[in-house]
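Novice: Right, I'll just put the structure down here and ask away after.
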Amino acid sequence: MMVARGGENWLKHTYEKYKHEPYYVNRGQQSEDLHLNFLHEYAVLARDAYAKCRMNTLAIDNTAWEWPQYYNNILDFLNLTYMPDPILSSQELVQHAGSFQNVELGVSIHIEMQDEQLIIFGNLQLKTRDVHTFYLDHISMSLEFIPNDAGGFSSFIMTEKDLIGNQKDEGTIRNLVAGIVYGLTFGIGVLISAFMVGLREDKRAIHDFIAGTEVVYND
């Protein structure tokens, strides 16, 4: 497991990232090896919960860190077919580039082409979901571009992408609370989340549950 995840450097980085959490604080923040203890205890609890589950379930040992294979195992278990993202040409992608703003909220979002990719917030790639809809990896956010009468795109709708937390978040309870916040703010929380991702160095956001939408317009 250590080798697959990055060895000693991974262990040190992960421990430094989470050592302020209650599990580590309550155990005196002893050393980096404490994170290995956490993973072991987590595995024991997970196996126990799995053994007690009466539903039709699938257990995956992710020690080897071979995520493409794990995804295929899940698809096979659910009898689902993998649908790859569509591939758009550079000419199709560049139609969605530009500066979009919401005057009422006083915010602006710039989307540009870099190395045959659509880039938002400076360095995040917009990946294709369909011809006019894009999404961000690890951040629960989708952008649906709205065609105008001239055949271009002068606005888009920003929505939540998933019903569950993204891969880089730290817990479903936090996600649930964030979802309530999104609902109460009628989608403005999503826009705030987007700018947090774009402006914060750690790329953290309020995410990741269902939210409303907010339309932003091109100049």
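Novice: Take the alpha carbon atoms of segment 1-21, find their center, do the same for segment 56-113, and report the distance between the two centers in whole angstrom.
Specialist: Taking the Cα centre of segment 56-113 as reference, the centre of segment 1-21 is 26 Å away.
Novice: Right, something else. Looking at the P(r) of segment 1-152, how many percent of alpha-carbon pairs lie beyond 18 Å?
Specialist: 74 percent
Novice: If you take the Cα atoms of segment 60-136, find Rg, then find the Kirkwood Rh from the mean of 1/r over all pairs, what is Rg/Rh?
Specialist: Here Rg/Rh amounts to 1.14.
Novice: Calculate one ³J(HN,Hα) per residue across segment 143-149 by plugging θ = phi - 60° into the Karplus curve 6.51 cos²θ - 1.76 cosθ + 1.60, and present them in order as whole Hz with x for glycine and proline.
Specialist: With the stated coefficients, segment 143-149 comes to 10, 10, 7, 9, x, 9, 5 Hz.
Novice: Then there is this: Taking a probe of 1.4 Å, how large is the accessible area per residue of segment 54-144, in Å²?
Specialist: Per-residue accessible area for segment 54-144 comes out at 66 Å².
The values are calculated or read from the model by the stated rules, or taken from the named source; none is laboratory data. Because the structure is predicted, anything quoted here is derived from the model rather than measured. For accessibility, only protein heavy atoms count, side chains too; no ligands or nucleic acids. Shrake-Rupley method; radii C 1.70, N 1.55, O 1.52, S 1.80 Å.
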